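A.B. asks: One structure is given below, represented as structure tokens, and several questions about it will come after.
The values are calculated or read from the model by the stated rules, or taken from the named source; none is laboratory data. Small disclaimer: the values here were computed from a predicted structure and weren't measured. Neighbour counts run over all protein chains shown; Cβ positions are idealised from the backbone, glycine included. All accessible areas refer to the heavy atoms of the entire protein, side chains included, with ligands and DNA or RNA removed. Shrake-Rupley method; radii C 1.70, N 1.55, O 1.52, S 1.80 Å.
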Amino acid sequence: MDARSPDLIPDAGWRADAPVTKSLPEVNATVAVPIGGIWWRRLLAFVGPGYLVSVGYMDPGNWATDLAGGSKFGYTLLSVILLSNLMAILLQSLAARLGIVTDRDLAQACRGTYSPPVNFLLWLACEAAIIACDLAEVIGTAIALKLLFGIPLIGGALLAALDAFLLLLLMNRGFRFLEAFVIALLGVIAVCFAVQIVAAAPPVAEVLHGFMPKSEIFTNPEMLYIAIGIIGATVMPHNLYLHSSIVQTRAYERNDAGRREAIKWATTDSTIALMLALFINAAILIVAAATFHKSGHSDVAEIGQAFELLSPLLGLGIASTLFAVALLASGLNSTVTATLAGQIVMEGFLDLRLPSWARRLLTRGIAIIPVIVVTAIYGERGTADLLVFSQVVLSMQLPFAVIPLVRFVSDRRKMGQFAIPGYVAAIAWIVAGVIVVLNVKLLVDTLFG
């Protein structure tokens with residue numbers, strides 16, 4: 001049977017000079033999917049990609065923005081975390097749909113639609129986002145190593161480069177092994193913050209009220225800056241490329257029925273995983289609000305500062321250690337997903353294939369240089385500002401991934417019967433519009449405010 005859905009015209013809507021190669025060919029269709037039988041066995045076969053994607057929604061960059069938002073504004077920005085998570089659930093379901101239906105990841109779909117100059121610009125924008133994400137991972141990992149083992153930040157940043165080989169080890173054991181590693185670390189992070197939430201004992205009524213949107217978020221430039229940083233840290237652009245690729249690791253039947261079921265289970269997987277990301281992001285902000293904002297420490301935006309204050313303020317000796325352990329687990333997990341995303345983006349846009357260890361060392365090197373320079377000149381305070389700024393950079397790249405994605409999954413020439421309904425397309429375009437408007441306002445406020 002043809003690799004594409006039978007009701008799709010081969011190459012309809014795609015440029016003739018953009019040949020399709022398998023995304024992540026070394027693991028494409030390598031995870032078996034049972035045919036028939038009990039439903040939960042089929043769901044379990046699809047469990048994994050959503051958790052790899054969710055890692056990007058709780059990486060060290062989120063910690064900086066969530067800590068800053070919680071300590072300065074209390075529970076107010078919980079509504080932003082909820083909104084950005086709902087955006088993420090929608091957009092990730094669209095990314096999975098694109099990959100399953102077209103056998104193309106988002107980067108390949110862009111290359112198959114746009115002209116070479118446009119593709120090159122899109123690639124540059126996405127690489128900027130990946131470097132910004134990598135920057136956050138390097139800083140987060142270096143800070144965690146300092147907090148746990150006393151390693152200087154510059155030394156920790158250099159050690160972070162060695163994790164370039166972690167993905168190689170995991171991938172050699174099989175994609176399921178990689179997914180198990182990621183899920184285990186996510187469990188560590190969740191347990192660490194569950195303990196801290198219990199110790200912080202935040203008032204439930206205030207927490208629930210924080211999930212209600214407030215107009216001051218948009219009118220207060222300082223609050224808006226952190227809010228957009230949270231959106232950038234949560235709805236991460238390179239994760240859309242990642243998800244559209246790794247859903248294809250499942251060996252579902254490449255026909256209408258197989259694709260329909262794959263879309264259902266892949267969407268379920270990513271939705272459940274992103275609810276875990278919502279819990280962890282909200283937990284970071286809630287702990288910051290209940291611990292720092294409540295005690296008058298409204299200027300806590302640095303991870304190191306939070307580490308020092310957590311145990312004394314909570315009265316729990318292990319709280320700071322749990323915080324640092326979760327941060328290290330977050331940095332390690334983010335390394336894996338950013339590596340895969342970088343490979344997908346480079347191969348999809350440019351059809352340029354580098355050994356994964358070479359690409360990882362290259363991107364790590366690009367991220368490590370500014371960390372070392374800023375640390376040497378400004379110390380830890382500079383790295384904290386750099387961490388928040390990196391998340392705003394991520395947010396600025398979002399339209400360049402979101403707009404093509406929504407356009408592709410709405411196109412019946414490309415998607416056939418699997419094109420999203422009009423009301424879903426309308427919601428998706430509203431999400432894209434909100435992201436663009438917020439980013440334009442941020443630029444105006446930053447340049448002229």
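A.B. asks: Can Thr141 be described as more than 21 Å from Val287 (Cα to Cα) and among the polar types (S, T, N, Q)?
C.D. replies: So Thr141 fails the test.
A.B. asks: Please tell me if Val207 is without any contact (Cβ under 8 Å) to a residue 60 or more places away in the chain, closer than 20 Å to Leu314 by Cα and assigned to a helix (DSSP H, G or I).
C.D. replies: no
A.B. asks: For the subset of the stretch 251-266 comprising residues that are of a type outside the set (D, E, K, R) and out of contact with any Lys or Arg (no Cβ under 8 Å at 6 or more places or on another chain), which member is most open to solvent (accessible area, probe 1.4 Å)?
C.D. replies: Per the stated criteria, the residue is Ala257.
A.B. asks: Let me ask you something else. Quick check on the stretch 201-208. Is at least one of its residues open to solvent by 90 Å² or more (accessible area, probe 1.4 Å), within 25 Å of Ala326 (Cβ to Cβ) and not β-branched (Val, Ile, Thr)?
C.D. replies: yes
A.B. asks: Okay, next question. Answer yes if at least one residue in the stretch 164-174 is on the phi < 0 side of the Ramachandran plot, in a helix (DSSP H, G or I) and modelled with pLDDT of 80 or more, and no otherwise.
C.D. replies: No, the stretch 164-174 has no match at all.
A.B. asks: Restrict the check to the stretch 241-252 and report whether at least one residue is small (Gly, Ala, Ser) and outside any helix (DSSP H, G or I).
C.D. replies: The answer is yes, given that some residue of the stretch 241-252 is small (Gly, Ala, Ser) and outside any helix (DSSP H, G or I).
A.B. asks: Here is a list: Ile143, Ile139, Ile89, Ile131. Which entry is modelled with pLDDT of 90 or more and in a helix (DSSP H, G or I)?
C.D. replies: Ile89
A.B. asks: Same structure, new question: Answer with yes or no whether Ala96 is part of a helix (DSSP H, G or I), open to solvent by less than 30 Å² (accessible area, probe 1.4 Å) and either of a type in the set (D, E, K, R) or at pLDDT 90 or above (or both).
C.D. replies: yes
A.B. asks: Residue by residue through the stretch 178-200, note down the ones that are over 30 Å from Thr30 (Cβ atoms) and open to solvent by 50 Å² or more (accessible area, probe 1.4 Å).
C.D. replies: Val191, Val195, Val198
A.B. asks: Here is a follow-up. Being of a type in the set (Val, Ile, Thr) and part of a loop (DSSP other than H, G, I, E, B) is the filter here, so list the residues in the stretch 288-328 that pass it.
C.D. replies: Across the stretch 288-328, the qualifying residues are Val300, Ile318.
A.B. asks: Do any residues in the stretch 143-158 that are more than 19 Å from Asp385 (Cβ to Cβ) have Cβ atoms under 6 Å from those of residues that are part of a helix (DSSP H, G or I) and open to solvent by 20 Å² or more (accessible area, probe 1.4 Å), where the two are at least six apart or on different chains, and which pairs are they?
C.D. replies: Ile151/Leu145
A.B. asks: For residues in the stretch 151-163 being part of a helix (DSSP H, G or I) and open to solvent by 50 Å² or more (accessible area, probe 1.4 Å), which is modelled with the lowest pLDDT?
C.D. replies: Leu162
A.B. asks: Out of Ala262, Ala257, report the one residue that is of a type in the set (A, V, I, L, M) and without any contact (Cβ under 8 Å) to a residue 24 or more places away in the chain.
C.D. replies: Answer to the selection: Ala257.
A.B. asks: How do the pairs read when you match residues in the stretch 187-203 that are in a loop (DSSP other than H, G, I, E, B) with residues anywhere that are modelled with pLDDT of 90 or more and of a type outside the set (A, V, I, L, M, F, W, C), using Cβ under 8 Å and keeping only pairs 6 or more apart or on different chains?
C.D. replies: From residues that are in a loop (DSSP other than H, G, I, E, B), the pairs are Pro202/Tyr75.
A.B. asks: Condition test on Val406, is it at pLDDT below 90, assigned to a helix (DSSP H, G or I) and surrounded by 12 or more Cβ atoms within 10 Å (Cβ to Cβ)?
C.D. replies: no
A.B. asks: Applying the selection to the stretch 27-71, what residues are open to solvent by 40 Å² or more (accessible area, probe 1.4 Å), in a helix (DSSP H, G or I) and modelled with pLDDT under 90?
C.D. replies: Scanning the stretch 27-71 gives Trp39, Trp40, Arg41.
A.B. asks: On to the next question. Please enumerate the residues belonging to the stretch 114-128 that are open to solvent by less than 30 Å² (accessible area, probe 1.4 Å) and of a type in the set (S, T, N, Q).
C.D. replies: The one that is open to solvent by less than 30 Å² (accessible area, probe 1.4 Å) and of a type in the set (S, T, N, Q): Asn119.
A.B. asks: When the stretch 348-369 is examined, which residues are found to be touching a helix residue (DSSP H, G or I) at 6+ places or on another chain (Cβ under 9 Å), assigned to a helix (DSSP H, G or I), modelled with pLDDT of 75 or more and open to solvent by 20 Å² or more (accessible area, probe 1.4 Å)?
C.D. replies: Leu350
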